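See structure below.
Please treat every number below as a calculation from the coordinates, not as lab data. Not measured: the values here are computed from a predicted model. Because the Cβ atoms are built from the backbone with ideal geometry, glycine has one as well, and the counts that use them run over all protein chains shown.
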Amino acid sequence: MKNDLSKPSDFAPTRRQLLGLGLVAAGAAAFNVVPGFELLASAQAAVPAAAQKIADHFSSVKSMSGEFVQFGPKGEQTGGKFFLERPGKIRFNYDGASNFKVISDGKSVVILNKKMNTSDLYPLSKTPLKLLLDDRIDLSGDRVKSVKEEDDLTTIQLSDKSVFGNARITMMFDPKTYDLRQWTITDAQGKDTTVMIFNTKEGVSFAPDTFAIDYTANRELNTKTR
């Protein structure tokens, strides 16, 4: 998958931008529906076969690497490289002197700011990012809030109110190649952070420590249990 994207501006992402990757999902804001979506009225509503086929294809991608551009709620733009290994593992290396990193090892997600010498730890199971990294993206049940099928884009919106509150993730796929193009995390306050991926490679191998979180060396991590 290739997109013609300009190089993002080189500045440190804010904590809200990093959390927009799906790391915080608490809150009690009203659930907002994206206009134009076909709402699935109940858990028994049939998910379009084409949408499940796309989700199954993406689930079959066990490893992937590439570049990303992230857009914050106010249009802030950052970028870097990402590495993904299913189930549950992902790493974002942000460009710039701040040396931000976001790493999930399948159980926890850590935000590392080497410049400020700070770190925050979250349980992966409490973040919408988990829905992207599951071994299989299952569109059955009431996690599917909406599906929109267009000639050039299939959009699937997922949430789990019992776990993530009013936060949700919206994934956009190419309906012909089934490639994931981007995802948007909407937090409980209705603010969107979008991550576009490009120059991707599938079926890649990673060094053993790519997704490692050193819990022993980071006992001072501020553990969040939202």
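By the rule of a C-alpha distance below 13 Å, with chain neighbours fewer than 8 residues away ignored, the aspartates and glutamates paired with LYS89 are ASP105, ASP134, ASP135, ASP209. Of the listed pairs LYS115/LYS201; LYS130/LYS161; LYS81/LYS130, which have alpha-carbon separations greater than 22 Å here? From the list (LYS115/LYS201; LYS130/LYS161; LYS81/LYS130), the Cα-Cα distance tops 22 Å for LYS115/LYS201. Once you reduce the range 162-216 and the range 117-148 to the center of their Cα atoms, the two points are 9 Å from each other. Checking the cross-link pairs LYS53/LYS107; LYS126/LYS191; LYS148/LYS191 against a 24 Å limit on the alpha carbon distance flags LYS53/LYS107 as lying beyond it.
Taking a ≥ b ≥ c as the square roots of the Cα gyration tensor eigenvalues, with a/c under 1.5 meaning rounded and otherwise prolate when a/b beats b/c, else oblate, which class fits the range 67-211? Verdict is rounded for the range 67-211. Taking Cβ atoms as reference points and 12 Å as the exclusive limit, the residues near ASN166 contribute a net charge of +2, counting Lys and Arg as +1 and Asp and Glu as -1.
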